[in-house]
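S.K.: Okay, here's the structure, questions in a sec.
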Amino acid sequence: MSNRMWGGRFTEGPDAIMEEINASIDYDRKLYAQDIAGSLAHAAMLEKAGVLTAADVEAITSGLAQVKNEIETGRFTFSRALEDIHMNVEARLKEIIGEPAGRLHTARSRNDQVATDFKLWVRDTTDQLIVQIGGLMKALLARAGEHADTVMPGFTHLQSAQPVTFGHHMMAYVEMFERDRSRLVDARRRLNECPLGAAALAGTSFPIDREMTAAALGFDRPTANSLDSVSDRDFALEVMAAAAIAAVHLSRLAEEIVIWSSAQFRFVRLSDRFSTGSSIMPQKRNPDAAELVRAKSGRIIGDLNGLLIVMKGLPLAYSKDMQEDKEQTFDCLQSFSLVIAAMTGMIADMTVNEAAMRAAAGSGFSTATDLADWLVRAGGVPFRDAHHITGRIVAIAADRGIELADVPLADMQAVDRRITDAVFEVLTVDDSVRSRTSYGGTAPGNVRAMVARWQARLSGT
Ligand code: ARG
């Protein structure tokens, strides 16, 4: 049978392989609600423009309501022969209402139709993601508030560097996720223009009202260039790029959770709800959720790359390559939503082992910088010399297998006679973090102030 949409020009139907490579219904059926909303807006506008009669539009409206109901109650038969969601919906509408269904596609093409449907899906999903990131930030803030005073080792090169607080560490991620959230808010603002009415690529000769359909679908305005309208997929790429950057942040936090929950660190313990056991080793509590957050970030980045590569060589306007936008975008944003949810759960539920963090914070000569800073402040020693003097004292401690605060004063004075016993006041981890009061520093007072500021900022979201 030749195709019922373009059968006028064709005598033979498609090869089975043609049907298989061409059909998108297996995944674009997800767009049914957007497709029907777009058709309703288009039909109402065509009536107002005098292109369709009130009777036709009434039939279309009630027919589409029935199609929607059939899909939502599992009574709709999707057909691969009908290629995609647009033709599946229209064909069923024809069965239900007959001739008026054929008038719905006036002044419209599947090219502007799919761009509109897909944009609506990306927009609605972006709105959900923005809310979800806010939820993750609140979970981090709650833990930061509880642990503004909890000292832990701060690392560079994963070597003990200087003590910080766990609250400060959590707040570092709040800053990152706020940037991620604002990237999505920004992308959302940019994408909210309606392609419907661009038709195949050149616009239409019918007296359509694009402002009307744009407003009906919640867009700020219609897109301004018909070629761009049907060729643009950067709205999806931009949201995916924002997701990929955020996924990198999630992956780094996930990696830290994997390290922190190991028997060697024991900084945190994931709840049973976010851990798995081993089928052979009874002692195991595996951080699978964190590992999967880390892994799915690779998948999210891959999806972004996949669509960038699909798009990069396409001349204007529409090419069928663009049908490959959907699976990658769906996979990207759904994976992203899942990893945010998993991370929010892990953070909210995990137990923080303050004693293990404190013990680790005091090891590895982590207050060496405090000793050097003390020499600068108390003895007027230039920082470079203070660094050298401190290095010699660290070497003594390392030789003897003791921490800095346990090196006897006499031995320190043998290295530099300007050292007095006041130095011991800066060598504890609590003194160290309390002293870091510069703006953005780890001092508990700073952390508490930041938590309060963010709580106020997020309270309305
Ligand atoms: N299923 C198609 C897609 O997702 C719809 C647009 C088809 N347009 C066309 N000219 N073949 O891109």
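S.K.: Considering only segment 379-403, state which residues are within 14 Å of Thr369 (Cα to Cα) and open to solvent by 90 Å² or more (accessible area, probe 1.4 Å).
M.R.: Arg384, His387, His388, Arg392
S.K.: Evaluate segment 120-142: report whether one residue or more is within 16 Å of the ligand (Cβ to nearest atom) and open to solvent by less than 20 Å² (accessible area, probe 1.4 Å).
M.R.: So the first thing to find is which residues in segment 120-142 are within 16 Å of the ligand (Cβ to nearest atom), and the list is 120-122.
Within this subset, residues satisfying the condition of being open to solvent by less than 20 Å² (accessible area, probe 1.4 Å) are 120, 122.
Yes: one or more hits.
S.K.: Looking at Ser337, Ser363, can you tell me which residue is among the small types (Gly, Ala, Ser), open to solvent by 20 Å² or more (accessible area, probe 1.4 Å) and not in a helix (DSSP H, G or I)?
M.R.: Selected residue: Ser363, the only one of Ser337, Ser363 that is among the small types (Gly, Ala, Ser), open to solvent by 20 Å² or more (accessible area, probe 1.4 Å) and not in a helix (DSSP H, G or I).
S.K.: Right, another one. Name the single residue, out of those in segment 260-274 being surrounded by fewer than 16 Cβ atoms within 10 Å (Cβ to Cβ) and under 26 Å from the mean Cα position of the chain (by Cα), that is nearest to Ser335 (Cα to Cα).
M.R.: Arg273
S.K.: Provide a single number: the residues in segment 148-157 that are in contact with a Ser or Thr (Cβ under 6 Å, 6 or more places away or on another chain) and surrounded by fewer than 22 Cβ atoms within 10 Å (Cβ to Cβ).
M.R.: Residues meeting the conditions: 0.
S.K.: Hey, Gly63 hits all of (1) crowded, with 16+ Cβ neighbours inside 10 Å; (2) assigned to a loop (DSSP other than H, G, I, E, B); (3) not aliphatic (A, V, I, L, M) but one; which does it fall short on?
M.R.: (2)
Yes/no matrix, rows are residues, columns are (1) open to solvent by 40 Å² or more (accessible area, probe 1.4 Å); (2) of a type in the set (Gly, Ala, Ser); (3) away from the ligand (no atom under 16 Å from the Cβ):
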{"position": "Gln159", "(1), (2), (3)": "yes, no, yes"}
{"position": "Met170", "(1), (2), (3)": "no, no, yes"}
{"position": "Val174", "(1), (2), (3)": "no, no, yes"}
{"position": "Leu196", "(1), (2), (3)": "no, no, no"}
{"position": "Leu201", "(1), (2), (3)": "yes, no, no"}
{"position": "Phe206", "(1), (2), (3)": "yes, no, yes"}
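S.K.: Also: For segment 408-461, which fully contained helices (runs of 4 or more DSSP H) count at least 1 residues that are of a type outside the set (Phe, Trp, Tyr) and more than 49 Å from the chain's Cα centre (by Cα)? Give the derivation first.
M.R.: Details: elements: 409-415, 429-435, 444-458.
In segment 408-461, 409-415 are the helices (runs of 4 or more DSSP H) which contain 1 or more residues that are of a type outside the set (Phe, Trp, Tyr) and more than 49 Å from the chain's Cα centre (by Cα).
S.K.: I'm checking my understanding of the structure. Among residues of segment 1-50 that are under 18 Å from Phe219 (Cβ atoms) and polar (S, T, N, Q), which one is least open to solvent (accessible area, probe 1.4 Å)?
M.R.: Among those residues, the one meeting the criterion is Ser39.
S.K.: Given (1) out of contact with any strand residue (DSSP E or B) (no Cβ under 7 Å at 6 or more places or on another chain); (2) of a type in the set (D, E, K, R); (3) more than 20 Å from Ile396 (Cα to Cα), identify the lone condition not met by Asp430.
M.R.: Single failed check for Asp430: (1).
S.K.: So, one more: From the list Pro315, Pro282, exactly one residue is assigned to a loop (DSSP other than H, G, I, E, B) and more than 16 Å from the ligand (Cβ to nearest atom). Which is it?
M.R.: Pro282
S.K.: Hey, another quick one. Among (1) of a type outside the set (D, E, K, R); (2) open to solvent by 40 Å² or more (accessible area, probe 1.4 Å); (3) assigned to a helix (DSSP H, G or I), there is one condition Ala246 misses while meeting the rest; what is its number?
M.R.: Tallying (1) of a type outside the set (D, E, K, R); (2) open to solvent by 40 Å² or more (accessible area, probe 1.4 Å); (3) assigned to a helix (DSSP H, G or I), Ala246 fails exactly one: (2).
S.K.: Within segment 89-119, take every residue that is among the basic types (Lys, Arg) and within 16 Å of the ligand (Cβ to nearest atom) and give me the one that is farthest from Ala241 (Cα to Cα).
M.R.: We begin by selecting, within segment 89-119, every residue among the basic types (Lys, Arg); these are 92, 94, 103, 108, 110, 119.
With within 16 Å of the ligand (Cβ to nearest atom) added as a condition, the list becomes 108, 110, 119.
Details: Arg108: 30, Arg110: 26, Lys119: 16 Å.
Restricting to residues being among the basic types (Lys, Arg) and within 16 Å of the ligand (Cβ to nearest atom), the top hit is Arg108.
S.K.: Determine the pairs where a residue that is within 18 Å of Arg358 (Cβ to Cβ), located within segment 254-278, has a partner that is open to solvent by less than 60 Å² (accessible area, probe 1.4 Å) and in a loop (DSSP other than H, G, I, E, B) with Cβ atoms under 6 Å apart, the partner being 6 or more residues away or on another chain.
M.R.: Ile259/Phe265; Trp260/Phe267; Ser261/Leu270; Ser261/Pro287; Arg266/Asn353; Phe267/Asn353; Val268/Ser261; Val268/Met350
S.K.: Please work out which one of (1) open to solvent by 30 Å² or more (accessible area, probe 1.4 Å); (2) under 17 Å from the mean Cα position of the chain (by Cα) is the condition Gly277 fails and give its number.
M.R.: (2)
S.K.: Suppose we keep only residues that are open to solvent by 40 Å² or more (accessible area, probe 1.4 Å) and not basic (Lys, Arg) within segment 318-330. Which one would you say is nearest to the ligand (Cβ to nearest atom)?
M.R.: Here the residue is Tyr318.
S.K.: Return the residues of segment 8-54 that are within 15 Å of the ligand (Cβ to nearest atom), part of a loop (DSSP other than H, G, I, E, B) and over 17 Å from Glu324 (Cα atoms); say none if nothing qualifies.
M.R.: Arg9, Phe10, Pro14
S.K.: Which condition number does Leu308 fail, the rest of (1) within 16 Å of the ligand (Cβ to nearest atom); (2) assigned to a helix (DSSP H, G or I) being met?
M.R.: Leu308 satisfies every listed condition except (1).
S.K.: What are the residues in segment 214-226 that are over 12 Å from Asp112 (Cα atoms) and not basic (Lys, Arg), if any?
M.R.: Of segment 214-226, the ones over 12 Å from Asp112 (Cα atoms) are 214-221, 224.
Within segment 214-226, Ala214, Ala215, Ala216, Leu217, Gly218, Phe219, Asp220, Ala224 qualify.
S.K.: What pairs come out if I take residues in segment 313-329 that are assigned by the TED database to the domain that holds Arg299 and pair them with residues that are open to solvent by 70 Å² or more (accessible area, probe 1.4 Å) and within 11 Å of the ligand (Cβ to nearest atom) whose C-beta lies under 7 Å away, six or more apart or interchain?
M.R.: Leu314/Asp321; Ala317/Leu201; Tyr318/Leu201
S.K.: Looking at segment 416-440, which of its residues are more than 27 Å from Phe155 (Cβ to Cβ) and open to solvent by 30 Å² or more (accessible area, probe 1.4 Å)? Please lay out each step first, then the result.
M.R.: Residues of segment 416-440 more than 27 Å from Phe155 (Cβ to Cβ): 416-422.
Result: Arg417, Arg418, Thr420, Asp421, Ala422.
S.K.: Then there's this: Need pairs with beta-carbon distance below 7 Å; first residue not assigned by the TED database to the domain that holds Gly379 and within segment 406-431, second not hydroxyl-bearing (Ser, Thr, Tyr); sequence gap 6+ or separate chains.
M.R.: none
The values are calculated or read from the model by the stated rules, or taken from the named source; none is laboratory data. No experiment lies behind these values; they were computed from the predicted model shown. Every residue, glycine as well, gets a Cβ built from its backbone with ideal geometry; the counts of neighbours run over all protein chains shown. Heads up: the accessible areas ignore ligands, DNA and RNA and are worked out on the full protein's heavy atoms, side chains in. Shrake-Rupley method; radii C 1.70, N 1.55, O 1.52, S 1.80 Å.
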